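Asks: Here's a structure for you.
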Amino acid sequence: MATLRFHAVKKSMAHKPISYTPKGRRSDIFGQNVFNENTMRQYLTKDAFENVINAIKDGKKIDRSVADQVASSMKDWALTKGVTHYTHWFQPLTGATAEKHDAFFETLGEGLSIEKFDGNQLVQQEPDASSFPSGGIRNTFEARGYTAWDPSSPAFIYGTTLCIPTIFVAYTGEALDYKTPLLRALNAVDKAATEVCKYFDKNIKKVTSSLGWEQEYFLIDKSLAASRPDITLTGRTLLGHAPAKGQQLDDHYFGSIPNRALNFMRDLEDECMLLGIPVKTRHNEVAPNQFELAPIFEEANLAVDHNSLLMDIMGRVASKHHFKVLLHEKPFAGINGSGKHNNWSLSTDTGVNLLKPGKTPMSNLQFLTFFVNTIKAVHDHEELLRAAIASASNDHRLGANEAPPAILSVFIGTQLTKVLDELEGVTKGKLSPEEKTELKLNVIGKIPDVLLDNTDRNRTSPFAFTGNKFEFRAVGSMANCGNPMTVLNTIVAKQLKDFKIEVDKLIDKKDLKKDEAIFNVIREYIKASKNILFEGNGYSEAWEKEAKKRGLSNNKTTPEALKAKISEKALKLFQDLDVMSEIETKARYEIEIEAYSMHIQIEGRVLGDIARNHIVPTAVKYQNVLIENVQGLKAIFEGEFKNIAKEQIGLIQAISEHIEGINTNVTKMITARKKANAIENPEEKALAYCHKVKPLFDDIRYHCDKLELLVDDEVWPLTKYRELLFTR
Ligand code: ADP
Ligand code: MG
């Protein structure tokens, strides 16, 4: 009997909902474990408080003496909450979060000891982190990098540890993490957008980029998940026949949340509240056992930190509820995968969302300026944006006819399309008073009404305007949002800078009025970026053809997609905007391309092992039972047995064919892997993994899945899809 599988199923059935006791009213517990403004007010002197707030709001430097005071207050606050350790918390280029805990505890000699934490320890640390990927920036001899405090993301307590969000940089100055380039990109978009805002309101001093992510995930019983080596080692199932019932009936979507899952969510949400992550929405997703969690949007750097933190604590809370969280983009074949919509907008320090239509023609001109510039930015850099979300796991969605295609396009809805069409007809140069009035009254004046009934949301679009924000939907569920947010904010910053130059030129050289100049530039942008607008079905073959005609990229696999990162254009872009130096950009490319090969390599090994060591022996065992049966029938029925044992003999043959299919393809795969491993060039190696190794997964899986249907359920060793997906 398949002991492990049945043991796991039995255990999973014994898993009852873990009781949940609310930690308090949400508004009361919100941010309790965060060293936020409120806490700082209580613990810091007025001067120190203001110094820190200025650092957060304007990026000003924090005085050394203030850092000492902040550190000491953080420690005092943390000690009241039973904290013993502190850590610099950062996001290395593995995409996960990293921490190394040190105790506050220090000895003073002669048996005396104290709790100590000073400014030096707060501001900078040198973790021995030489094993994190650096894309060759640090060779291992000079394996020193340091972490430095990011005051714009508040320190928080997790468990008994005080966590201080930090950047991670090499001693030579290059960023070794996702946060540093993000902060630089946010700074770039702030500067560029603020300049453009001044056309409309001179009082605007700062523009902030906002992010609201929507995290999709699967919840699987922990024992069942642990019984599958593929889930344990790769985060997804590499084989498994589709269950008789999948998601056809759509009976899971927005359905009532099962109690076990609900208690997990409540627990998780309480943890989020304590940590100041403003989670708000939870619901069932399309696939069985698939769910979504979304917060209220926040400033982008904080939102990225919060999402990284969330992904970490999800796993811990899940474990308490005997669940395993699968963040992989495609844990189960034939069933919807998971994404992480990144809702993005820009807002001013005067409280205006620049992507929200306003009440006056002037505020709508401001809206249109940012709206059209964003579209133009995506148009000009679609391939780079695609590269920002490329990973081995996200290829299962983007390249495979599943929620958004690999072709980047922008959806804006019919009404805004009409507005853009009209603006395209604006006269070149000076506008007559009649035309100005017409534009103000009937074109841009009408936008707010228009949007109210703009409810048709195209779910297949990878980049959609949804009323007051753009939704970048192609981001993978496992991804660190830092990467796509860096690229999006950088391309918009670049675009806004160009816009400002062009408008100023028209004002200076052609003597146009400000609004005339803006209309003129917008008109040209609309014309130039039309190709990126698409309202139809993103999954259709017709769109693939059409997109090709329009010259849009369609990079279905990560090795192909990533190349855009190191194009001359991209290198220059990041450099010009001070987001990443050429070395930093190339290092990330190298890391990502190598990570791709390693992922496929690991999956290949795991699949080969399971197929040969679990599936084939099981099939042989069952085949022997059949053979024994046929021999018995032969003994009883002699000459007639062939007719009587027809089905069994057919089965014996079919099993042999599939065993053969597995063995030849595994052998082929191993050979292909060996060849790929021998390739020195990381890019060619990734391509070999992509086009020579990976396709064999499907052939191996095909035979394994067929055997799953043929072999006695009692002996099948791997927990089946129906058990993984429907056990509550
Ligand atoms: P859905 O897209 O699923 O219909 P919503 O539109 O309500 O859901 O919001 C999804 C996410 O978008 C939430 O995290 C929400 O906070 C965020 N969001 C709403 N407005 C903005 C905005 N102006 N900028 C960034 N994110 C936003
Ligand atoms: Mg959404």
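The values are calculated or read from the model by the stated rules, or taken from the named source; none is laboratory data. All values reported here derive from a predicted model rather than from experimental measurement. Here the Cβ positions follow ideal geometry from the backbone for every residue, glycine too, while neighbour counts run over all protein chains shown.
Asks: Does Lys586 count as under 29 Å from Lys179 (Cα atoms), part of a helix (DSSP H, G or I) and not assigned by TED's automatic domain parsing to the domain that holds Leu710?
Replies: Against the criterion (under 29 Å from Lys179 (Cα atoms), part of a helix (DSSP H, G or I) and not assigned by TED's automatic domain parsing to the domain that holds Leu710), Lys586 qualifies.
Asks: Something else now. Give all pairs with beta carbons closer than 7 Å in which a residue from the stretch 467-496 that is farther than 13 Å from Trp344 by Cα meets a residue that is within 12 Å of ligand 1 (Cβ to nearest atom); count only pairs at least 6 apart in sequence or on separate chains.
Replies: Close Cβ pairs satisfying both conditions: Gly476/Gly339; Gly476/Lys340; Ser477/Gln215; Ser477/Glu216; Ser477/Gly339; Ser477/Lys340; Ala479/Lys340.
Asks: Continuing with this model, one more query. List the residue pairs whose Cβ atoms are under 7 Å apart, where the first residue sits in the stretch 361-379 and is closer than 21 Å to Arg550 by Cα and of a type in the set (Asp, Glu), the second is modelled with pLDDT under 95 and surrounded by fewer than 24 Cβ atoms within 10 Å (Cβ to Cβ), and the two are 6 or more positions apart or on different chains.
Replies: That search, which allows pairs on different chains as well, returns nothing.
Residues checked against (1) buried (at least 22 other Cβ atoms within 10 Å of the Cβ); (2) free of Cβ contacts under 8 Å to residues at least 24 places away in the same chain:
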residue: Ile220; (1), (2): yes, no
residue: Asn259; (1), (2): no, no
residue: Arg266; (1), (2): no, no
residue: Glu271; (1), (2): no, no
residue: Gln290; (1), (2): yes, no
residue: Ala294; (1), (2): no, no
residue: Ala300; (1), (2): yes, no
residue: Gly315; (1), (2): no, yes
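Asks: Quickly run through the stretch 78-96 and pick out the residues that are within 17 Å of Pro154 (Cα to Cα) and surrounded by 19 or more Cβ atoms within 10 Å (Cβ to Cβ).
Replies: Ala78, Val83, Tyr86, Thr87, His88, Trp89, Phe90, Gln91
Asks: Follow-up question, since we're still on this one. When you go through (1) at pLDDT 90 or above; (2) among the basic types (Lys, Arg); (3) part of a loop (DSSP other than H, G, I, E, B) one by one for Lys191, which number turns out not to apply?
Replies: (3)
Asks: State whether one or more residues within the stretch 497-511 are away from ligand 1 (no atom under 16 Å from the Cβ) and surrounded by 24 or more Cβ atoms within 10 Å (Cβ to Cβ).
Replies: Yes, that holds for at least one residue.
Asks: Can you tell me which residue within the stretch 315-361, out of those that are out of contact with any Phe, Trp or Tyr (no Cβ under 8 Å at 6 or more places or on another chain), of a type in the set (Gly, Ala, Ser) and over 30 Å from Asp698 (Cα atoms), is nearest to ligand 1 (Cβ to nearest atom)?
Replies: Among those that are out of contact with any Phe, Trp or Tyr (no Cβ under 8 Å at 6 or more places or on another chain), of a type in the set (Gly, Ala, Ser) and over 30 Å from Asp698 (Cα atoms), it is Ser347.
Asks: Moving to a separate point now. Residue check: is Thr161 closer than 23 Å to Ala98 by Cα, away from ligand 1 (no atom under 16 Å from the Cβ), modelled with pLDDT of 90 or more and of a type in the set (Ser, Thr, Tyr)?
Replies: Yes.
Asks: Still on this structure: Suppose we filter the stretch 28-48 for residues that are under 30 Å from His322 (Cβ atoms) and within 29 Å of the chain's Cα centre (by Cα); how many remain?
Replies: The number of residues fulfilling the criteria is 6.
Asks: Run down Ser345, Ser319 and say which single residue is within 16 Å of ligand 2 (Cβ to nearest atom) and of a type in the set (S, T, N, Q).
Replies: Every option except Ser345 fails the conditions.
Asks: Among the residues of the stretch 226-245, is any under 19 Å from Arg397 (Cβ atoms), touching a helix residue (DSSP H, G or I) at 6+ places or on another chain (Cβ under 6 Å), within 16 Å of ligand 2 (Cβ to nearest atom) and not assigned by TED's automatic domain parsing to the domain that holds Tyr702?
Replies: No, the stretch 226-245 has no match at all.
Asks: Being without any contact (Cβ under 8 Å) to a residue 60 or more places away in the chain, surrounded by 15 or more Cβ atoms within 10 Å (Cβ to Cβ) and hydroxyl-bearing (Ser, Thr, Tyr), is that true of even one residue in the stretch 576-587?
Replies: yes
Asks: Further, regarding this structure: Would you say Leu718 is touching a helix residue (DSSP H, G or I) at 6+ places or on another chain (Cβ under 7 Å) and crowded, with 16+ Cβ neighbours inside 10 Å?
Replies: The answer is yes for Leu718.
Asks: Can you find a residue in the stretch 222-238 that is aliphatic (A, V, I, L, M), surrounded by fewer than 22 Cβ atoms within 10 Å (Cβ to Cβ), more than 16 Å from ligand 1 (Cβ to nearest atom) and part of a loop (DSSP other than H, G, I, E, B)?
Replies: Scanning the stretch 222-238 turns up no residue that is aliphatic (A, V, I, L, M), surrounded by fewer than 22 Cβ atoms within 10 Å (Cβ to Cβ), more than 16 Å from ligand 1 (Cβ to nearest atom) and part of a loop (DSSP other than H, G, I, E, B).
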